[in-house]
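Heads up: the structure comes next, in structure tokens.
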Amino acid sequence: MTVELAYADTDSGAAPGSRDVLVLLHAFPLSQAMWAEQRTALADVARVITPDLRGFGASPDAGSDGAEPSVDAVADDVAALLDRLGVDRVVLGGLSMGGYVVMSFLRRHAERVRGIALLDTKAAIDAPEARDNRLRMAEAVGDSGTRVLRPMLDTLLGRTTHAERPAVVAQVTRWLDEARPEGVAWAQRAMAARPDSYETLRGADVPALVVVGDEDQPSPPDEARAMVEALPRGQLMVVNGSGHLSSVERPDAVSEGLRGFLLSL
Ligand code: MLT
């Protein structure tokens with residue numbers, strides 16, 4: 001079971017070529033719009049494809065194929081998108097929820113992965129309290145709508161962004177307001193059910209870039225260091241002056257990091 005994902009593609013309409021393909025998976029509860037800066041900045045070194053994951057952006061509702069909430073279903077959607085585009089192997093990156101999907105993709109479609117980028121994410125499962133919070137939000141968003149997401153703004157963005165980047169705060173607020181309740185509830189249940197991924201990372205024999213904002217609260221730098229230690233070929237990049245949404249808060253720094261990584265492959 002898969003759904004047909006909407007996506008943006010820097011090489012839209014072009015035949016599959018020999019360039020590296022970089023696929024970037026967005027955070028919860030955003031959409032592929034969050035990668036606009038990276039698409040522009042990296043188009044000269046890779047074909048960049050940014051899907052809207054099920055339930056977000058222009059993609060179909062998360063439950064439209066009847067799939068139970070799981071990050072595996074989302075990983076299979078991404079594989080189906082690559083099939084549709086005639087793309088075989090990719091460098092796969094994801095931020096936070098997108099990173100959980102990258103780790104699932106590694107378990108299910110490892111032969112299609114040439115390298116990974118894990119941004120502001122973690123390999124550990126949730127503590128019971130965090131899991132309960134997710135399930136509570138999944139219920140609440142059905143009753144009260146996406147205004148239940150507004151408090152997330154405090155921890156999604158770092159203190160430097162809150163203090164110095166009002167345009168970023170305004171943009172992310174708009175994205176939170178645009179999220180769809182059905183997608184939010186399904187994704188929270190999927191993330192609550194995700195497995196521990198340390199074993200997956202230990203077995204991932206591909207180049208890996210781990211990126212983290214030094215002010216990231218939901219996935220702090222210690223989580224990133226633990227992932228680098230688990231990865232056979234992992235390298236760490238800390239983004240100063242950024243919280244959880246590093247690619248949005250410090251887009252130039254993250255694009256530069258991804259560029260260096262792509263060129264090193
Ligand atoms: C995200 O940014 O995707 C979320 O923080 C993921 C999560 O809730 O664990």
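The values are calculated or read from the model by the stated rules, or taken from the named source; none is laboratory data. No experiment lies behind these values; they were computed from the predicted model shown. FYI the Cβ positions are ideal-geometry reconstructions off the backbone, even for glycines, and counts take in every protein chain you see.
For Glu68, all conditions in the list (1) assigned to a strand (DSSP E or B); (2) away from the ligand (no atom under 16 Å from the Cβ) hold save one; what is the number of the exception?
Glu68 satisfies all of (1) assigned to a strand (DSSP E or B); (2) away from the ligand (no atom under 16 Å from the Cβ) except (1).
Out of (1) closer than 19 Å to Val102 by Cα; (2) buried (at least 18 other Cβ atoms within 10 Å of the Cβ), the odd one out for Pro181 is which?
Going through (1) closer than 19 Å to Val102 by Cα; (2) buried (at least 18 other Cβ atoms within 10 Å of the Cβ) one by one, Pro181 breaks only (1).
Condition check: at pLDDT 95 or above, at positive phi and surrounded by fewer than 22 Cβ atoms within 10 Å (Cβ to Cβ). Does Gly241 satisfy that?
Working: at pLDDT 95 or above: yes; at positive phi: yes; surrounded by fewer than 22 Cβ atoms within 10 Å (Cβ to Cβ): yes.
Yes: the conditions hold for Gly241.
Of all residues in the stretch 99-118 being in a helix (DSSP H, G or I) and within 13 Å of the ligand (Cβ to nearest atom), which is surrounded by the fewest Cβ atoms within 10 Å (Cβ to Cβ)?
Restricting attention to the stretch 99-118, the residues satisfying the condition of being in a helix (DSSP H, G or I) are 99-112.
From what's left, within 13 Å of the ligand (Cβ to nearest atom): 99-103.
On the way: Gly99: 28, Tyr100: 25, Val101: 28, Val102: 29, Met103: 27.
The residue in question is Tyr100.
Kindly provide the set of residues from the stretch 14-62 that are of a type in the set (Gly, Ala, Ser) and over 17 Å from the mean Cα position of the chain (by Cα), ordered by number. Quick ask: steps written out before the conclusion?
First, pick out the residues of the stretch 14-62 that are of a type in the set (Gly, Ala, Ser): 14-15, 17-18, 27, 31, 33, 36, 41, 43, 46, 55, 57-59, 62.
Within the stretch 14-62, Ala14, Ala15, Gly17, Ser18, Ala41, Ala43, Ala46 qualify.
Only one of Leu82, Leu53 is of a type outside the set (Asp, Glu) and more than 19 Å from Asp11 (Cα to Cα). Can you tell me which?
Going through Leu82, Leu53 in turn, just one is of a type outside the set (Asp, Glu) and more than 19 Å from Asp11 (Cα to Cα): Leu53.
Pairs please, first residue from the stretch 187-206 and touching a residue at least 40 places away in the same chain (Cβ under 8 Å), second anywhere and among the aromatic types (Phe, Trp, Tyr) and crowded, with 18+ Cβ neighbours inside 10 Å, Cβ atoms under 9 Å, 6+ apart in sequence or on different chains.
Cβ pairs passing all conditions: Ala187/Phe28; Ala187/Phe56; Gln188/Phe28; Ala190/Tyr100; Met191/Phe28; Met191/Tyr100; Arg194/Tyr100; Ser197/Tyr100.
Being within 18 Å of the chain's Cα centre (by Cα) and at pLDDT 95 or above is true for just one of Pro195, Pro181, Pro232. Which residue is that?
Details: Pro181 fails: within 18 Å of the chain's Cα centre (by Cα); Pro232 fails: within 18 Å of the chain's Cα centre (by Cα).
Pro195 is the lone residue from the list that is within 18 Å of the chain's Cα centre (by Cα) and at pLDDT 95 or above.
If we scan the stretch 71-82, do we find a residue that is out of contact with any His (no Cβ under 9 Å at 6 or more places or on another chain) and either assigned to a strand (DSSP E or B) or within 13 Å of the ligand (Cβ to nearest atom) (or both)? Please lay out each step first, then the result.
Narrowing the stretch 71-82 to residues out of contact with any His (no Cβ under 9 Å at 6 or more places or on another chain): 71-74, 77, 80-81.
Retained after the next criterion (residues that are either assigned to a strand (DSSP E or B) or within 13 Å of the ligand (Cβ to nearest atom) (or both)): 71, 74.
Checking the stretch 71-82: at least one residue is out of contact with any His (no Cβ under 9 Å at 6 or more places or on another chain) and either assigned to a strand (DSSP E or B) or within 13 Å of the ligand (Cβ to nearest atom) (or both).
Give the number of residues within the stretch 83-97 that are outside any strand (DSSP E or B) and more than 13 Å from the chain's Cα centre (by Cα). Step through it out loud before you land on a result.
As a first pass, look at the stretch 83-97 and keep what is outside any strand (DSSP E or B): 83-89, 96-97.
From what is left, the residues that are more than 13 Å from the chain's Cα centre (by Cα) are 83-89.
Number of matching residues: 7.
Please count how many residues of the stretch 133-178 are under 21 Å from the mean Cα position of the chain (by Cα) and among the charged types (D, E, K, R).
The number of residues fulfilling the criteria is 6.
Out of the stretch 119-170, which residues are surrounded by fewer than 12 Cβ atoms within 10 Å (Cβ to Cβ), of a type in the set (A, V, I, L, M, F, W, C) and more than 15 Å from the ligand (Cβ to nearest atom)?
Hits for the stretch 119-170 are Ala163, Ala167, Ala170.
Consider the stretch 202-213. How many of its residues are surrounded by fewer than 23 Cβ atoms within 10 Å (Cβ to Cβ) and either within 15 Å of Gly145 (Cα to Cα) or not acidic (Asp, Glu) (or both)?
First, the residues of the stretch 202-213 that are surrounded by fewer than 23 Cβ atoms within 10 Å (Cβ to Cβ): 202-203, 205-207.
From what is left, the residues that are either within 15 Å of Gly145 (Cα to Cα) or not acidic (Asp, Glu) (or both) are 202-203, 206-207.
Here the count works out to 4.
Determine which member of the set Gly213, Gly241 is under 18 Å from the mean Cα position of the chain (by Cα), closer than 21 Å to Glu256 by Cα and not β-branched (Val, Ile, Thr). Full working, then the answer.
On the way: Gly241 fails: under 18 Å from the mean Cα position of the chain (by Cα).
When all the criteria are applied, what remains is Gly213.
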